[in-house]
Amino acid sequence: MDPERPRAEAFAVRDGRVVHVGSRADALEAAGGAGAAEHRFDRGAVLPGFIDSHNHMLWTGIQRTQADLSSCATIRDLLDRLRRYAEDHPDREWIVSGSGWHVDVLAEKRYPTRQELDSVSARRPIFLPRVGHAAAVNSEALRRAGIGSGTPDPRGGRIERDARGEPTGLLLEPPAVNLVGRLVPPLSRAERRRALSEVQQAYHAAGICGVIDPGLAPDDMAVYEDLWRERRLTVRSVVMPLAQTHEDPEALMAGLRAWGVRTGFGDSRLKLGGVKVYLDGGASLGTALMREPYPDERCRCGIQVTHTSTFHRIAEHCASAGWSLGVHAVGGKAIDIALGVFEDVNRRHPIRDLRFCLIHAYLWPTQENIGCARRLGVCVATQASMQYQFAPLLVRRFGKDLVGKATPVKAWIAGGITVGGGSDSPVTPYPPLLGIWHAVTRHVDALGTAIGADEAVSAAEALAMYTRGSAWLSFSEHERGTLRPGMLADWVALSENPLGADPMALREIRVAATAVGGDLVHGS
Ligand SMILES: [Zn+2]
């Protein structure tokens, strides 16, 4: 990944950093001669460790302790999974699932009813939240929340009811979801610390050495700090504080300012990234903010989560105080608004060095958007795995041609934009090789074909997104993302060289070993 020396036979590591790249003989000497420990890989390739530029690692870790419904294909599957989980966790008062599961992949294309969930447990409450916007619950959960046929819908939410007016167990949007959600006992700090610690091993097994965790509350930031303090944070983490825009943004920024810290504070293990703001919803939910109404929902263009004036105030604060800013913007209208605000703020406070970032930005950025991003030094956190996961649903909604133009990675790169690869785990799967495979092939299994081959990139470009590109978004390109003298010895050994591999086989490449700072964290 070093353009000046893209290939070498060997490299040497001392004190966690690369000290030499070149021939094996020279590397051995640089490492201290015959006594140096040596890792040999006779086939495949060793690359800089992968960095996921948009990965809710803590949330992913917590989900692993809850019932995992992400691979269920039918309602029956889902009920079996819950039954097993309930048996395996007799001490848990509540049965709670992770929220990264998808109704459109279930054969029935609907949520389970409360009666179906009652067949799993009538005594223990069941709460199955989904991507922050919906939840399916059983009768016991409804009872504890005091929800009955006479309960009115809360403002901004909906309690689904059957023909007789009885709640079905489906709750829509946070005001309704929270009627039950707030009763679920929160995980203790120790439980969250364990979840974060344990998920790191799974990440290393997938070749991940670093993440940007976007959008943390202070209490969750503290969990990262705990692990860092105990020297157990093996995935290098860039953490982004979440701007809670239903609260006063001035208070958030005043708080950040009072502490005197800003983006870049920290060390190579744990570092502060930019402030994270949600500007719109999600494509799979029909809440991404579009320039035109959704074809299947007359007159509705999605939801603007943060008002433009609030967003403007946050951007202005960030630019003047030395904070970077990452904005969740999925739909075209949200991308237009974000870049318009950045352009205006840039007139008073240049933002280039702050690397403001568009997160997702996949439902149709225009050439003007790309040109504007380039002028401002705005970078993009893109997720090939999201394009892969949501393509079938989006094709039903928008048609194949339009979806082929979504996640236009090739256009971003051609436009001179720095692009970081990532997954948005647990929303879509975290293995970088899955994302690399999709970015190169644009293949979608569920559709049996490639969608948008024009936006496919080369394997070298895809690898660069998950190494150099994400290192740039992490404010760490001076020590991560390439292997050359002076860089941190974060590397991954793959069973096959992705540059020579059959593109369709890229996702089957195995991660033989992963090292962070020269220490082996996976494989041997
Ligand atoms: Zn996300």
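For R43 and E198, a Förster radius of 35 Å and the Cβ-Cβ distance give a FRET efficiency of 0.70, rounded to the nearest 0.05. Taking every C-alpha pair closer than 8 Å and separated by at least 6 residues, the mean separation divided by the residue count of the chain gives a relative contact order of 18 percent. Diagonalising the gyration tensor over the Cα atoms of region 342-470 and scaling each eigenvalue by 5 before taking the square root yields semi-axes of 26, 16, 13 Å, largest first.
Between the helical axis of 218-229 and the longest alpha-carbon principal axis of the chain there is an angle of about 30 degrees. Along its first, second and third principal axes, ordered by size, region 446-521 spans 43, 26, 22 Å in Cα coordinates. Using the Stokes-Einstein relation with a Kirkwood hydrodynamic radius computed over Cα pairs, the translational diffusion coefficient of region 93-237 at 4 °C and a viscosity of 1.567 mPa s comes to 75 µm²/s.
Across region 51-157 the C-alpha pair distances fall into 5 Å bins from zero in the proportions 2, 11, 21, 24, 19, 13, 7, 2, 1, 0, 0 percent. Overall, the accessible surface of region 186-261 at a probe of 1.4 angstrom is composed of carbon and sulfur to the extent of 54 percent.
Averaging 1/r across all pairs of distinct Cα atoms in region 1-81 and inverting the result yields a Kirkwood radius of 16.9 Å. The fraction of accessible area contributed by carbon and sulfur in region 44-100 is 45 percent, rounded to a whole number (1.4 Å probe; ligands and nucleic acids excluded). Packing order of peptides 154-160, 36-42, 52-58, 210-216, highest average first: 52-58, 210-216, 154-160, 36-42 (average count of other Cβ atoms within 10 Å over each peptide's residues). With the whole protein complex present, T168 retains an accessible surface near 40 Å², based on a 1.4 Å probe. Entry for the chain at q = 0.11, 0.13 Å⁻¹: log10 I(q)/I(0) = -1.00, -1.37, Debye formula applied to identical alpha-carbon scatterers, no solvent contribution.
Let a ≥ b ≥ c be the square roots of the eigenvalues of the Cα gyration tensor of region 107-147; is it rounded (a/c under 1.5), or, if not, prolate (a/b larger than b/c) or oblate? It comes out oblate by the Cα gyration axes.
Three semi-axes describe the equivalent ellipsoid of region 328-411; taken as square roots of 5 times the Cα gyration tensor eigenvalues and ordered largest first, they are 26, 12, 10 Å.
Set the Förster distance to 51 Å, then compute FRET efficiency between V131 and A25 from the Cβ-Cβ distance, nearest 0.05. In this case the efficiency is close to 0.40. Per residue, the solvent-accessible area of the chain (1.4 Å probe, heavy atoms of protein chains only, all protein chains present) comes to 42 Å².
The values are calculated or read from the model by the stated rules, or taken from the named source; none is laboratory data. Just so you know, these numbers come straight off a predicted model, no measurement behind them. Positions of Cβ are generated from backbone atoms using ideal geometry, with glycine treated the same way; all protein chains shown enter the neighbour counts. Only protein heavy atoms, including side chains, enter the accessible area calculation; ligands, DNA and RNA are left aside. Shrake-Rupley method; radii C 1.70, N 1.55, O 1.52, S 1.80 Å.
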